[in-house]
Amino acid sequence: MRRFEAIAVPHMDAAFNLARWLTRNEHDAEDVVQEAYLRAFKFIDGYRGGDARAWILTIVRRSCFTWLARNRPFELIAIADDDAEERFAATPDTETPDPETELLRRLDESTLNELIEALPPLFREIVILREIEELSYKEIAEILEVPIGTVMSRLARARQRLQESWRRHPVARIG
Amino acid sequence: MQCSEARRLIGARIDGELDAAGEAALAAHLADCAECARHLVEQQEWHAAIKRNAARYTAPDALRQRLAAAVADAERPPSTPSRSRAGEWRQWAIAASVLLAVVLSSSLTAYVTRPNADDRLVQELVSDHVRSLMADHLTDVASSDQHTVKPWFHGRLDLAPPVDDLAAEGFPLVGGRLDYVEQRPVAALVYRHAEHPINVFVLPNRGGPAAASQSLSQRGFNLLHWTRGDLAFWAVSDLNLAELRDFQRLFDRNMAAAG
Ligand SMILES: [Zn+2]
C-alpha cells in the first residue's frame, strides 16, 4: 500500500488529465482512472523501478482505449505512422493570405481546446503528453508502446492536423 | 539537407530533443532556407500557445478519496466486511471490473479446486457475476419483496425459481435478473451479505438426482453448486466460503420447507 501510494499517487493529476482528454468527460475520466489505478495496484509487483509516471500512464492509457473501444468505437480510426514526411512536403505553407503567426494570435483558449478535443485519440493523446504533460519522447514511446521514431512522426502529424484545423476554422477564416 | 528532414529536426528542437549534431545541421539549413526558418518560428509560437491555453485537468478530490477507499478495500481479505463505506457498491463494481479483465483474459488457466468441474461453465458464471456488478446491472427487478421478484420471472423463463427473502438471517434479497448461461436465459437471484453481493443462478437440473453441494473458488470468488428437484443452483460471491455455505443451507432449507 505504501509502495503503491509512493509510486502512483503523485501522478494522479497526469493520469486524470490524460483520461479526461481521451474520454472528453469528467465522470468517465474518473471511472477510467479509478479502474486503471486499481489495476495498477493489483499489478504493482510488475513495476520494477524506472519511470513511475510512464508506468502508471501506460496502464491508464490502456484503460482509456479499452473504454473508447467500448463506448466510442467510431473514434478509433486507424492512422498510418509512415507517411509523415510525404505530408510535410505536400502541405502548402500559404493556405491563407494571413501569415501563420498573425492567425495564431486570434486563437483563443476555448477554441484551442475544442480543436485538440476534435483530434482523433491517437493524435490527441500525443499532444497532451508532449505539450501539456511535457513528457520526453522516450517516456511517450514507453506509454504508447511504440518506437521513438513513431512518436516523432505521429507528433508531427498531430501538430500538423491541429494547425490545419485552425486554418479551416470559421473564426480563422473570417478573421 | 532536404526541407522534410529539416522539418523533422524542427519538431525535435521545439521539444528539446535535438542533439548537438542535429542542431548544427539544422542551423546550416535554416541559414539558407527562409521557408524552414519561418516554419520554426511558427512552430515555436504554436508550442507556446498550447502551453499557455490548453487545459490541464486535475484529479478531483472525490476521486482521490474514492480511490483510497477502494485500494483499502482491495487490500482487505474478501471475507472481511468493509467498514469504510457501508452500502456503497460502486467501488466494489470497479474492483470487480479489474477482476473481470483477469478472468476474461485467463481463459482456462484459472485455478479450480475441483478438477472435474465444468471449467467453461464456471468461467461463464464468474463472468456473469462480475458483469452484473460492473455494468450497474445487478437486477432487472429490484425488490426485497419475494412476492414481487418471484412473479417477475413468470413468462420470462420456463422454470420458476424459488424466491425467499432471507433478511432475517442476514441475507436480504436485493432483486432478480435474467441472465444467460450457455446461451440459455436463466434466473439470477441477487442477495447480499454486508457488502457482498451474491448471485444465485437457477438453471434446469440436467445432472440427475440431488447431489451434495460442491464448492470451488476462482479468482477470488467462491462458487457453490447444488441441486434440488428439477433445479440446479450456482451461488457466486466474493463472500468467504463458510458464509456462502451458511447462505446456501438457509436458501435450500427454505426451498425444501416450501415443498
Ligand atoms: Zn527548408
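The values are calculated or read from the model by the stated rules, or taken from the named source; none is laboratory data. Quick caveat: nothing in here was measured; it's all calculated off a predicted structure. FYI the Cβ positions are ideal-geometry reconstructions off the backbone, even for glycines, and counts take in every protein chain you see.
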- Return yes or no: is A:L119 touching a Phe, Trp or Tyr at 6+ places or on another chain (Cβ under 9 Å) and either at pLDDT 90 or above or of a type in the set (A, V, I, L, M) (or both)? no
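Can you tell me how many residues within segment A:127-160 are within 12 Å of another protein chain (Cβ to nearest Cβ) and not in a loop (DSSP other than H, G, I, E, B)?
Applying the first criterion (within 12 Å of another protein chain (Cβ to nearest Cβ)) to segment A:127-160 yields A:127-141, A:148-149, A:151-160.
This time we only want the ones that are not in a loop (DSSP other than H, G, I, E, B), so: A:127-132, A:137-141, A:148-149, A:151-160.
Going through segment A:127-160 one residue at a time, the tally reaches 23.
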- What's the number of the condition B:A25 fails, among (1) near the ligand (Cβ under 8 Å from one of its atoms); (2) more than 53 Å from the chain's Cα centre (by Cα); (3) surrounded by 15 or more Cβ atoms within 10 Å (Cβ to Cβ)? (1)
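Would you mention how many residues in segment A:1-26 are in a helix (DSSP H, G or I), among the charged types (D, E, K, R) and modelled with pLDDT of 90 or more?
Of all residues in segment A:1-26, those in a helix (DSSP H, G or I) come to A:2-23, A:26.
From what's left, among the charged types (D, E, K, R): A:2-3, A:5, A:13, A:20, A:26.
Now narrow it down to the ones that are modelled with pLDDT of 90 or more: A:13, A:20, A:26.
Summing the residues that are in a helix (DSSP H, G or I), among the charged types (D, E, K, R) and modelled with pLDDT of 90 or more in segment A:1-26 gives 3.
One line per residue, one yes/no per condition, for (1) modelled with pLDDT of 55 or more; (2) of a type in the set (G, A, S); (3) surrounded by 14 or more Cβ atoms within 10 Å (Cβ to Cβ):
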position: A:L68; (1), (2), (3): yes, no, yes
position: A:N71; (1), (2), (3): yes, no, no
position: A:I77; (1), (2), (3): yes, no, no
position: A:A80; (1), (2), (3): yes, yes, no
position: A:E85; (1), (2), (3): no, no, yes
position: A:F88; (1), (2), (3): no, no, yes
position: A:L115; (1), (2), (3): yes, no, yes
- Item | Residues of segment B:150-189 satisfying the condition of being on the phi > 0 side of the Ramachandran plot and loosely packed, with under 14 Cβ neighbours inside 10 Å | B:G155, B:E182, B:Q183
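Report yes if A:R157 is at pLDDT below 90 and within 30 Å of A:D51 (Cα to Cα), otherwise no. Outline the logic, then answer.
Working: at pLDDT below 90: no; within 30 Å of A:D51 (Cα to Cα): yes.
No: the conditions fail for A:R157.
Please go through segment A:27-48 and give me each residue that is farther than 16 Å from A:N17 by Cβ and either at pLDDT 90 or above or outside any helix (DSSP H, G or I) (or both), ordered by number.
Within segment A:27-48, A:F43, A:Y47, A:R48 meet the criteria.
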- Which of the residues belonging to segment A:20-68 are within 13 Å of chain B (Cβ to nearest Cβ), of a type in the set (D, E, K, R) and farther than 12 Å from A:I143 by Cβ? A:R20, A:R24, A:E26, A:D28, A:E30, A:D31, A:E35, A:R39, A:K42
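Does A:E109 satisfy the criteria of being surrounded by fewer than 18 Cβ atoms within 10 Å (Cβ to Cβ) and either facing another protein chain (nearest Cβ under 9 Å) or β-branched (V, I, T) (or both)?
Details: surrounded by fewer than 18 Cβ atoms within 10 Å (Cβ to Cβ): yes; either facing another protein chain (nearest Cβ under 9 Å) or β-branched (V, I, T) (or both): yes.
Yes: the conditions hold for A:E109.
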- Task: Please list, ordered by first then second residue, the pairs with beta carbon atoms under 7 Å, 6 or more apart or interchain, first in segment A:132-148 and β-branched (V, I, T), second surrounded by fewer than 17 Cβ atoms within 10 Å (Cβ to Cβ).
- Result: A:I132/B:R56; A:I148/A:K138
- Could you check, for segment B:47-58, whether at least one of its residues is away from the ligand (no atom under 11 Å from the Cβ), out of contact with any Asp or Glu (no Cβ under 9 Å at 6 or more places or on another chain), within 30 Å of A:A15 (Cα to Cα) and at pLDDT below 95? yes
- Looking at (1) modelled with pLDDT of 55 or more; (2) at the interface with chain B (Cβ under 10 Å from one of its Cβ atoms), which is the one condition that is false for A:R124? (2)
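Kindly provide the set of residues from segment B:37-46 that are facing chain A (nearest Cβ under 10 Å) and either part of a loop (DSSP other than H, G, I, E, B) or within 10 Å of the ligand (Cβ to nearest atom) (or both), ordered by number.
We begin by selecting, within segment B:37-46, every residue facing chain A (nearest Cβ under 10 Å); these are B:38-39, B:41-46.
Matches in segment B:37-46: B:R38, B:H39.
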- Query: List the pairs whose first member sits in segment B:220-236 and is assigned by TED's automatic domain parsing to the domain that holds B:R192 and more than 13 Å from B:V126 (Cβ to Cβ), whose second member is of a type in the set (V, I, T) and assigned to a strand (DSSP E or B), and whose Cβ atoms are under 9 Å apart, counting only residues at least 6 apart or on separate chains?
  - Reply: B:L231/B:V202; B:A232/B:V202; B:F233/B:V200; B:F233/B:V202; B:F233/B:T227
- Out of all the residues in segment B:1-22, which are within 11 Å of the ligand (Cβ to nearest atom), within 11 Å of chain A (Cβ to nearest Cβ) and outside any helix (DSSP H, G or I)? B:Q2
- Scanning segment A:140-151 residue by residue, those over 13 Å from the mean Cα position of the chain (by Cα) and crowded, with 20+ Cβ neighbours inside 10 Å turn out to be A:E142
